Amino acid sequence: MKRTLVLIALIAVLCMVVVACSSHSFDAKELASINVTGANGFGSLVVNLDSEQLNSLIEEESRALSDNDEQAFKRLFQREAAINSLIYEADKTVNLKNGDEIVIRAEYDEKLTKSAGVRFRNLKYKYVIAGLRETLPIDVSNNVDLTFVGFNGRGVASLSLSGDVEQYRSGFDFVFTGAKTKLSNGDLVEVKVIPNNDFLTGNGKIARNATLSFEVKGLIPLKSIDLFKDLVLVFDGVSDHGIVSFDTTRLPVEWVEAGSWGQAPVQYMAVPLADLANGDVVRVEASVDEEWFAERGLKTGQVIKEFSVSGLKEYPRNLDNIDLMPLFDKISARLEQDLEERLTHNYWNDDFRTGEPVSRWEYAERHGVSKIYYGYKQSDRAQNFVTLIYKVTIEGLCQEITPYQSAYLDGDRESATLYLAYVVDDIMYDRSDIDDFRDFNLKFHSDVELELIARFKEQYGGAGVQIVEVPVPEQVRYP
C-alpha cells in the first residue's frame, strides 16, 4: 500500500514536470503597443497587440524547429493564435496629461491558450503618461477676417485667414450664421469659428469656439440709370387710329437685345398700343432684370412713365371752322381752265355727245360752288375726299356749225344749267393743311343737281364711309 502511494506521487510529479516543460509563458505588458498622441491635457492613448513583437517571437521559435517536426509546428501555430487573442483595454484614453497613470488590462481566449499551453503574466499594469508637449492657444479673432467685394446691395463676403488659422485651416469649420451675399454697406455679417481640437492639439495648438461679427464696408454704390431717358416713342397714323412703337437705337444695345441668357434685360410695353389720338396718354412699363443690372453696378429707378401722344395726323370729322380758301386758291387756275374746255366742248348743249366740237358758240356763263361734301372712312380718316359741286349757267348764241353733224343751226340760241362734281382726293396727304391733297379731277357732270349728287353718293358712299355737307365760303358761292 505504501509503495503504491509513493508510485502515484512520483507519476504526478513527473506529469507536472512534463506540463511545465511543454508550456510557454509570455509577458502581456511586453506584447502591448501603446501610442500616445496630442498635447498635454489633450492627449489620446491607443493600446493594441504589438504585431511586430509577435512576429519576431514566432519567427525566432520557428528557426529552432526541425523541418520534419510537424507536431512542433502545430504547437507553434497554436501559440501564435493564443497570443493573437490578447485584447487590451485602458481605463482612460482621451484628455490625457503628463503624469496620468493609466491602468491597462489584457484579456485573452482561455480555451485557446490552454490548448496551446500558453500562459500570460502582467495582465494588469499601470502606464504613466509622459512626453506630451504643451499646447499653444490660437488667437482666432486676430487670424480671421472678411473681405467684401461687389456693389452695395449686391456684395459678397469671403473669408480672409492668416497666422495659425491659415496654417491649420483643416482644423477649423467656419459657419456664416446669416447671409453672405446681397450685402449692403453697414450690414453685419456673423461667422462662427469652430475648431477641431483633436486635430489642433495633435499639432501642439488649441483654440476655442468663437463668434465673430464684421461690418460690411467698401462696397461700390450702384449707379442709378434712367430707363426712359433715351427711349423714343414713335407715333404713326391718323389721330384716333394711331399706333405706337419703340425706337431703342439710342439705348445700349446689351439692354434691349437678348444674349445667351435668353431674353433682353429690359423690355418695354405700352398701354394702349393702338387707336391713339393726339393728346392721349400712353403708359409705358419697363420689365427689368434687376439681377442683370445689379451685376453690372447699375440700379434701375422709375419703371413706369406716361407719354403724351403727339405727331399723329389730324383729320377732322367735318370741315367746320376750317378756312377752305387756300384749297380754292390752289385749284382755281386749273379749275378755270377745265371749265373753259368743257364749255368750249359743248358739255352744256346737245352737241357734247359728238366728241369733237361740231358747233361754235358765243356764250356768257356764271359759275360758283353750290354744295361742298366732305367724306372719309370712319376707320381711317386719312382716306378722305372733298367734293365740290359747281353750278354753271350758260347763255349761248350759235356762231358756226358743221352741217349734218350739229344739232343746231347758225343763229340758234341755247341756255342751260350744268352741274359739275370735282373730287379732291386725300386732303392733308403730306401735311396738315387743307391745300395739301393727292389728286383733283372732275368725276361727274349733269344738268340735274339731285341726280348728280345721287350718283356721287352712290359711288363714294357705302358702309363705313361718313359724308357730311360743309358750308360754302362766300367767296366761291354761286351768285
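Looking for something assigned to a helix (DSSP H, G or I) and surrounded by 15 or more Cβ atoms within 10 Å (Cβ to Cβ) - is there at least one such residue anywhere in the range 92-113? Working first, answer last.
Taking the range 92-113 first, the residues assigned to a helix (DSSP H, G or I) are 110-113.
Those still in the list that are surrounded by 15 or more Cβ atoms within 10 Å (Cβ to Cβ) too: 112-113.
Looking through the range 92-113, at least one residue is assigned to a helix (DSSP H, G or I) and surrounded by 15 or more Cβ atoms within 10 Å (Cβ to Cβ).
Those strands (runs of 3 or more DSSP E) of the range 147-224 in which 3 or more residues are closer than 30 Å to G301 by Cα occupy 156-161. Those strands (runs of 3 or more DSSP E) of the range 385-472 in which 1 or more residues are under 26 Å from Q337 (Cα atoms), touching a Pro at 6+ places or on another chain (Cβ under 8 Å) and among the polar types (S, T, N, Q) are absent.
Yes or no, residue by residue, for (1) among the charged types (D, E, K, R); (2) out of contact with any Gly (no Cβ under 8 Å at 6 or more places or on another chain); (3) surrounded by fewer than 18 Cβ atoms within 10 Å (Cβ to Cβ):
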| position | (1), (2), (3) |
| --- | --- |
| F174 | no, yes, yes |
| V193 | no, yes, no |
| K229 | yes, yes, yes |
| V232 | no, yes, yes |
| V238 | no, yes, no |
| T249 | no, yes, yes |
| V256 | no, yes, yes |
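Every residue, every condition in (1) free of Cβ contacts under 8 Å to residues at least 12 places away in the same chain; (2) surrounded by 15 or more Cβ atoms within 10 Å (Cβ to Cβ); (3) closer than 30 Å to L183 by Cβ; (4) among the charged types (D, E, K, R), yes or no:
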| site | (1), (2), (3), (4) |
| --- | --- |
| G262 | yes, no, yes, no |
| V271 | no, no, no, no |
| A274 | no, no, no, no |
| R283 | no, no, no, yes |
| W292 | no, yes, yes, no |
| K299 | no, yes, yes, yes |
| L319 | no, yes, no, no |
| L324 | no, yes, no, no |
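Is it the case that some residue within the range 385-392 is surrounded by 17 or more Cβ atoms within 10 Å (Cβ to Cβ) and at pLDDT below 95? So far as the range 385-392 goes, no, none of its residues is surrounded by 17 or more Cβ atoms within 10 Å (Cβ to Cβ) and at pLDDT below 95.
Do we have L312 as of a type outside the set (S, T, N, Q), buried (at least 16 other Cβ atoms within 10 Å of the Cβ), at pLDDT below 95 and under 30 Å from V271 (Cα atoms) here?
Details: of a type outside the set (S, T, N, Q): yes; buried (at least 16 other Cβ atoms within 10 Å of the Cβ): yes; at pLDDT below 95: yes; under 30 Å from V271 (Cα atoms): yes.
Taking the combined requirement at face value, the residue satisfies it.
Of the residues screened, S359 is one that is touching a strand residue (DSSP E or B) at 6+ places or on another chain (Cβ under 8 Å), within 30 Å of A421 (Cα to Cα) and among the hydroxyl-bearing types (S, T, Y). Could you give every pair whose Cβ atoms fall below 6 Å, whose first residue belongs to the range 80-103 and is in contact (Cβ under 8 Å) with a residue 60 or more places away in the chain, and whose second residue is part of a loop (DSSP other than H, G, I, E, B), counting only separations of at least 6 or pairs across chains? What qualifies is L96/I129.
Somewhere in the range 66-81, is a residue within 60 Å of the chain's Cα centre (by Cα) and either among the aromatic types (F, W, Y) or not assigned by TED's automatic domain parsing to the domain that holds N197 (or both)? Scanning the range 66-81 turns up no residue that is within 60 Å of the chain's Cα centre (by Cα) and either among the aromatic types (F, W, Y) or not assigned by TED's automatic domain parsing to the domain that holds N197 (or both). Taking the criterion of being buried (at least 18 other Cβ atoms within 10 Å of the Cβ) and of a type outside the set (A, V, I, L, M), the only residue of the range 203-227 that qualifies is K205.
The values are calculated or read from the model by the stated rules, or taken from the named source; none is laboratory data. Keep in mind that what you see is a predicted model, and the values were worked out from it rather than measured. Because the Cβ atoms are built from the backbone with ideal geometry, glycine has one as well, and the counts that use them run over all protein chains shown.
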